[in-house]
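Trainee: Sharing a structure with you now.
The values are calculated or read from the model by the stated rules, or taken from the named source; none is laboratory data. What you see is a predicted model; the values in this text were computed from it and never measured. Every residue, glycine among them, receives a Cβ derived from its backbone with ideal geometry; neighbour counts consider all protein chains shown.
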Amino acid sequence: MAEPKPAAEKWKAAFPWRVSIEPRITNVPRWLPPLVSLGALVLALVMGGIVLAAVGGNPLQTYLHMARAAFGDLGVLSDTLTKATPILLCGLACSLAFRMKLWNIGAEGQFFLGAWAASAVVLLPVLPGTAPKFLMLLAMAMAGLVGGALWGAVPGLLKAKLNVNEVLTTLMMNYIAISWNNFFIFAVWSERGFQMSPVFPNSAWMPRLADYARQVPVFAGLTTHLGLVVGLVAAAILWWVLYRSQWGFEIQMTGDNPRAARYAGINVGRNTVLVMMLSGGLAGLAGMSEISGVVHRLQGAISPGYGFTGIIVAWLAKLNPLVVAPVSILFGALILAGREIQPSGIAKLLQGIILFCLISSEVLLRYRIRFVRVMQA
Amino acid sequence: MPEATHAVEMRGIVMRFPGVLANDHVDFDLRVGEIHALLGENGAGKSTLMNVLAGMYRPESGTIRVRDQAVELRSPRDAIGRGIGMIHQQFMLVPSQTVTENILLGLDEPRFRLRLPHYEGRVAQLAREFGLHVDPHCKVWQLSVGEQQRVEILKMLYRGANILIMDEPTAVLAPQEIDDLFGILRGMVAEGKSIVFISHKLGEVMQIADRITVLRKGQVTAAGLSPSDTSPMEMARLMVGRAVQFRADKEPQPPGDVVLSVEGVSALNDKGLPALREISLRVHAGEILGIAGVAGNGQPELAEVITGLRKCTAGRVLLRGQVISNRPPRVAIERGVGHIPEDRREVGTAPNLSITDNLNLKAYRKHPIAKGSSVDHPRAARHAAALKTQYEIMAPSVGTAVRFLSGGNLQRVILAREISEGPGLMIAMQPTRGLDVGAIEGVQRLLLDLRRSGTAVLLVSEELDEIVCLSDRVAVIYEGQIVGEMAGDLCDDERDRIGLMMTGQFKSSTGPTAELPDLPEQCGKDKGRLGRA
């Protein structure tokens, strides 16, 4: 053996411990995962703060400003919730698929297809603009659900029948979906050459809080729409499905060990297609809710990447639908606050750092990190 | 310096894995220019011993001398530096690269510029020298298995190996390729190389080896025998042992109706090659049918066809007269087929799920655990807690993820689940493999309890002792066929015959039977009792 380097010796004298990483051999305590996630979140904010300081901002002031911009008054809170709505539904879509370890990266495309299918109800038209609101919205929601589900079914079938990697197919199908949408807004449904469809008739608008301003004056100008309720109900149902139903048990088992699932008599192929369809359907519902509740027409820029944010949200929520709801509000806030501060990329940057810290923090749940005292010779 | 006569001398090698003594003071020596066969059942410690020599494992104690020099082999790199190269059963090749690229992979030269043509020339020359016909600029995925094996040999020769360890080299080869390989091996020995040939196929060993060392349960039972001084029967006995190690408490019991009948079933393995060839067997209620055989002769495929996990290409499987083959796995489960899979962690359990979830892996969809379309979680947990106590599963709680359990406890989880389903037929695959003595006894007791309760049991095990002591009848599987069947409680001569059948030396229909002495009639017990149905 070569002589140990003196620098290493000095280091050892100053810090007579060795970091030892051991695999955990028992269940982690229940309180640990949320604590680790929270710690990762705090760490991400600190790292973001360092970046803010580096570009000459005051981190604390910036964060405060961002918080005010997202939660400061009823108006912005409502806007935050509006932004959170599609994220919530996309987060649920990803949570469901990820539970079965189906990496659906295509919520974005499914979102667009859902929006497109819902628009088709109005623009084709399937129903006349004079149809009752309730019927119109129901038809649009069904269309959005089916549109997204069919878009999700393609990668699901390819995975189940031919074992095609769903990461690639779902990702690629995003581009097809966006181009498909563009074709319609540029050509078929274009309003006088503009890259957008005509505005939907009022019957296709989801009710907003502002619509009830006459009865409840504080609601004046509030943009939060029915989509939020849909999202919350979906979260509750999905929680029951994943944690309480037999199908949810099958999904969990298949996600953990598909061979054991097959051995236990579960039709893994069928579940793959079904989960991809339901996941796509939820993302499609997000698309429907966005055009019906916010945009009121089909256009190109209906999503600043909600489908991709959904991935982060699902992960942050540890794939628990009930946790997806608050996390999406946090991310809605980040999007909203991003408009308020310069450079506006800071919000995106924070999102990235949060995901990074969060995924890294998983190590703490699998391994125990200990400092072992090094014996001095 | 005088020429060393021994290429390798290993003395008193002890190698221990958790719960297993894989090598128990093993001595082994390899002479220069010989083919030395290492013979033994699966798990006898052959590969472990050779992995020690190849620098993969470091033994607990023992010494290794290479060409009369004491050495310490810390890594495969150390070993190859001493001229020792091992060719593993699983080839370690990059399919998308050429033969030459594969051979150069991991070497210090070439450093930066590949200069492939130059090296291709060298590889081609080396190949010519040893008669290893393979095109140096072919991509590996285009090669047959036999050619890939030659690439592996070339890889070792290129690195300057003169001691070659071949781990079951014939397992993957077709008969013609085996002849070619033997030719190559003889050629290499003529060039002064020394070869260790690991195998459990008796015929091949007798054919190729200059000397034979037999391992059984980590100990040497015969060292450096010459094939001419011994007989296949003798070898088989040394391999599978003679004395029954333990006796199960098994009362005689008349078999009931036929529960399982496998009729002329053929099936392919994962590689698309025939794994089962028109296999037929029957298991009665309250009877244990033991399937003896060396691994890789179609046992897992047989279990998978019966449980619906694998399609059969011919024949059918009947459970109490109803067809269950080529139907979804759930059909077999619902008709009462229990299955203790060979691979506990990869197939039998979901590692990150709790003991509760794993115990309810099949019961979740049935009354009373199922409630409408939901799972009654409190009831599932109570059910699990009861099973945990009954089957003595050692764990802090039923909420513990099963990946934290030891092999024995994991097996108890699987047994508890499969037995509590009240199966009419139990397919038990290697139920005691890798378990410690206490756990083994527990598992065997449970299998005998099943028999007593009238369940038909199909027991597949590589432990001949276990099969002999538990089974009412024993069938021997070799290359996807049942080559013989006899009643349990075998006498020693029958044991020998089973050993021969397992190694492909004796087929009741086609094999060379002449070398076997006739078995005396009086041996064994009351054969009529449990004879062929």
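Trainee: Can you tell me which of B:Gly264, B:Gly321, B:Gly315, B:Gly290 is on the phi > 0 side of the Ramachandran plot and either crowded, with 17+ Cβ neighbours inside 10 Å or within 14 Å of another protein chain (Cβ to nearest Cβ) (or both)? Break it down stepwise before answering.
Mentor: Working: B:Gly264 fails: either crowded, with 17+ Cβ neighbours inside 10 Å or within 14 Å of another protein chain (Cβ to nearest Cβ) (or both); B:Gly321 fails: either crowded, with 17+ Cβ neighbours inside 10 Å or within 14 Å of another protein chain (Cβ to nearest Cβ) (or both); B:Gly290 fails: on the phi > 0 side of the Ramachandran plot.
Testing whether each residue is on the phi > 0 side of the Ramachandran plot and either crowded, with 17+ Cβ neighbours inside 10 Å or within 14 Å of another protein chain (Cβ to nearest Cβ) (or both) leaves just B:Gly315.
Trainee: Right, another one. Hey, can you tell me all the residues within the range B:139-158 that are outside any helix (DSSP H, G or I) and in contact with a strand residue (DSSP E or B) (Cβ under 6 Å, 6 or more places away or on another chain)? First the steps, then the outcome.
Mentor: Filtering the range B:139-158 for residues outside any helix (DSSP H, G or I) gives B:139, B:143-144.
Scanning the range B:139-158 gives a single hit, B:Lys139.
Trainee: State which residue is farthest from the other protein chains (Cβ to nearest Cβ) when the search covers only the range A:264-284 and only residues that are closer than 14 Å to A:Gly152 by Cα and of a type in the set (A, V, I, L, M, F, W, C).
Mentor: That would be A:Ala283.
Trainee: Separate question: List the number of the failed condition for B:Val347; all other conditions in (1) touching a Gly at 6+ places or on another chain (Cβ under 9 Å); (2) not assigned by TED's automatic domain parsing to the domain that holds B:Ala285 hold.
Mentor: Looking at each condition in turn, B:Val347 falls short on (1).
Trainee: Does A:Ile237 count as within 14 Å of chain B (Cβ to nearest Cβ), farther than 28 Å from A:Leu138 by Cα and not in a loop (DSSP other than H, G, I, E, B)? Let's see the steps before the verdict.
Mentor: On the way: within 14 Å of chain B (Cβ to nearest Cβ): yes; farther than 28 Å from A:Leu138 by Cα: no; not in a loop (DSSP other than H, G, I, E, B): yes.
So A:Ile237 fails the test.
Trainee: Restricting attention to the range B:372-381, and to residues there that are outside any helix (DSSP H, G or I) and surrounded by 14 or more Cβ atoms within 10 Å (Cβ to Cβ), which single residue is farthest from the other protein chains (Cβ to nearest Cβ)?
Mentor: So in the range B:372-381, the residues outside any helix (DSSP H, G or I) come out as B:372-376.
Now restrict to residues that are surrounded by 14 or more Cβ atoms within 10 Å (Cβ to Cβ): B:374-376.
Working: B:Ser374: 5, B:Val375: 5, B:Asp376: 9 Å.
Here the residue is B:Asp376.
Trainee: Taking the stated definitions as given, is B:Leu405 away from chain A (no Cβ under 13 Å), among the aliphatic types (A, V, I, L, M), on the phi < 0 side of the Ramachandran plot and touching a residue at least 40 places away in the same chain (Cβ under 8 Å)? Write out each step before concluding.
Mentor: Details: away from chain A (no Cβ under 13 Å): no; among the aliphatic types (A, V, I, L, M): yes; on the phi < 0 side of the Ramachandran plot: yes; touching a residue at least 40 places away in the same chain (Cβ under 8 Å): yes.
Spelling it out, it is not the case that B:Leu405 is away from chain A (no Cβ under 13 Å), among the aliphatic types (A, V, I, L, M), on the phi < 0 side of the Ramachandran plot and touching a residue at least 40 places away in the same chain (Cβ under 8 Å).
Trainee: So which of B:Arg77, B:Arg122 is over 33 Å from the mean Cα position of the chain (by Cα) and either outside the structural domain of B:Arg150 (by TED's automatic domain parsing) or assigned to a helix (DSSP H, G or I) (or both)?
Mentor: On the way: B:Arg77 fails: over 33 Å from the mean Cα position of the chain (by Cα).
Just one listed residue meets the conditions, B:Arg122.
Trainee: Also: Quick one: how many residues across the range B:45-82 are within 15 Å of B:Glu152 (Cα to Cα) and among the small types (Gly, Ala, Ser)?
Mentor: First, the residues of the range B:45-82 that are within 15 Å of B:Glu152 (Cα to Cα): B:54, B:76, B:80.
Right, trim to among the small types (Gly, Ala, Ser) and you get B:54.
Residues meeting the conditions: 1.
Trainee: Determine which member of the set B:Ala350, B:Ala384 is among the aliphatic types (A, V, I, L, M) and not in a loop (DSSP other than H, G, I, E, B).
Mentor: Matching residue, one of B:Ala350, B:Ala384: B:Ala384.
Trainee: Give the number of residues within the range A:52-87 that are over 21 Å from the mean Cα position of the chain (by Cα) and either polar (S, T, N, Q) or farther than 30 Å from A:Ala286 by Cβ (or both).
Mentor: Looking only at that region, the number is 12.
Trainee: Could you check the range B:331-351 and list, in sequence order, the residues that are surrounded by fewer than 16 Cβ atoms within 10 Å (Cβ to Cβ) and facing another protein chain (nearest Cβ under 7 Å)?
Mentor: Once the filter is applied, which keeps residues that are surrounded by fewer than 16 Cβ atoms within 10 Å (Cβ to Cβ) and facing another protein chain (nearest Cβ under 7 Å), the range B:331-351 yields only B:Glu346.
Trainee: When the range B:186-207 is examined, which residues are found to be more than 15 Å from B:Arg31 (Cα to Cα) and outside any loop (DSSP other than H, G, I, E, B)? Quick ask: steps written out before the conclusion?
Mentor: Of all residues in the range B:186-207, those more than 15 Å from B:Arg31 (Cα to Cα) come to B:187, B:198-207.
Listed by number, the residues that qualify are B:Gly187, B:Ile198, B:Ser199, B:Leu202, B:Gly203, B:Glu204, B:Val205, B:Met206, B:Gln207.
Trainee: Restricting attention to the range A:359-377, which residues are assigned to a helix (DSSP H, G or I) and modelled with pLDDT under 85?
Mentor: First pass over the range A:359-377, keeping only residues assigned to a helix (DSSP H, G or I): A:359-366.
A:Ile359, A:Glu362, A:Val363, A:Leu364, A:Leu365, A:Arg366 - these are the residues of the range A:359-377 that are assigned to a helix (DSSP H, G or I) and modelled with pLDDT under 85.
Trainee: Restricting attention to the range B:358-365, does a residue exist that is surrounded by fewer than 20 Cβ atoms within 10 Å (Cβ to Cβ) and in a loop (DSSP other than H, G, I, E, B)?
Mentor: no
Trainee: I'd like the full set of residues that are under 18 Å from B:Pro341 (Cβ atoms) and without any contact (Cβ under 8 Å) to a residue 24 or more places away in the chain, limited to the range B:305-326.
Mentor: Within the range B:305-326, B:Leu309, B:Ile324 meet the criteria.
Trainee: Now for a separate question. For the list (1) within 13 Å of another protein chain (Cβ to nearest Cβ); (2) crowded, with 18+ Cβ neighbours inside 10 Å, I need the number of the one condition that B:Ser397 fails.
Mentor: Only one criterion in (1) within 13 Å of another protein chain (Cβ to nearest Cβ); (2) crowded, with 18+ Cβ neighbours inside 10 Å is unmet by B:Ser397, namely (2).
Trainee: Could you tell me whether any residue of the range B:431-439 is more than 9 Å from chain A (Cβ to nearest Cβ), farther than 30 Å from B:Ser471 by Cβ and crowded, with 21+ Cβ neighbours inside 10 Å?
Mentor: Within the range B:431-439, the first condition is being more than 9 Å from chain A (Cβ to nearest Cβ), and the residues that meet it are B:431-439.
Among the residues that remain, those that are also farther than 30 Å from B:Ser471 by Cβ are: none.
Checking the range B:431-439: not a single residue is more than 9 Å from chain A (Cβ to nearest Cβ), farther than 30 Å from B:Ser471 by Cβ and crowded, with 21+ Cβ neighbours inside 10 Å.
Trainee: Oh, and also: Kindly establish whether B:Val123 is touching a residue at least 24 places away in the same chain (Cβ under 8 Å) and closer than 28 Å to B:Val66 by Cβ. Write out each step before concluding.
Mentor: Details: touching a residue at least 24 places away in the same chain (Cβ under 8 Å): yes; closer than 28 Å to B:Val66 by Cβ: yes.
The answer is yes for B:Val123.
Trainee: Take B:Glu304 and decide whether it is out of contact with any strand residue (DSSP E or B) (no Cβ under 9 Å at 6 or more places or on another chain), assigned to a helix (DSSP H, G or I) and within 11 Å of chain A (Cβ to nearest Cβ). Can you show your working first?
Mentor: Values: out of contact with any strand residue (DSSP E or B) (no Cβ under 9 Å at 6 or more places or on another chain): no; assigned to a helix (DSSP H, G or I): yes; within 11 Å of chain A (Cβ to nearest Cβ): yes.
It is false that B:Glu304 is out of contact with any strand residue (DSSP E or B) (no Cβ under 9 Å at 6 or more places or on another chain), assigned to a helix (DSSP H, G or I) and within 11 Å of chain A (Cβ to nearest Cβ).
Trainee: Within the range A:253-263, restricting attention to residues that are within 13 Å of B:Asn352 (Cβ to Cβ) and within 7 Å of chain B (Cβ to nearest Cβ), which residue is surrounded by the fewest Cβ atoms within 10 Å (Cβ to Cβ)?
Mentor: A:Asp256
Trainee: Moving on to the next point. Under 6 Å by Cβ, and 6 or more places apart or on different chains, what pairs join a residue from the range B:353-366 that is within 7 Å of chain A (Cβ to nearest Cβ) with one that is part of a helix (DSSP H, G or I) and polar (S, T, N, Q)?
Mentor: Note: pairs meeting the criteria are B:Tyr364/A:Gln246; B:Arg365/A:Gln246.
Residues are listed down the side, and each one gets a yes or a no for (1) surrounded by fewer than 18 Cβ atoms within 10 Å (Cβ to Cβ); (2) outside the structural domain of B:Val214 (by TED's automatic domain parsing); (3) more than 21 Å from the chain's Cα centre (by Cα); (4) not in a loop (DSSP other than H, G, I, E, B):
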{"position": "B:Leu38", "(1), (2), (3), (4)": "no, no, no, yes"}
{"position": "B:Gly43", "(1), (2), (3), (4)": "no, no, no, no"}
{"position": "B:Thr48", "(1), (2), (3), (4)": "no, no, no, yes"}
{"position": "B:Leu73", "(1), (2), (3), (4)": "no, no, yes, no"}
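Trainee: Sticking with this one: If I go through the range B:138-189 residue by residue, how many of them are farther than 17 Å from B:Thr98 by Cβ, aromatic (Phe, Trp, Tyr) and in contact (Cβ under 8 Å) with a residue 40 or more places away in the chain?
Mentor: 0
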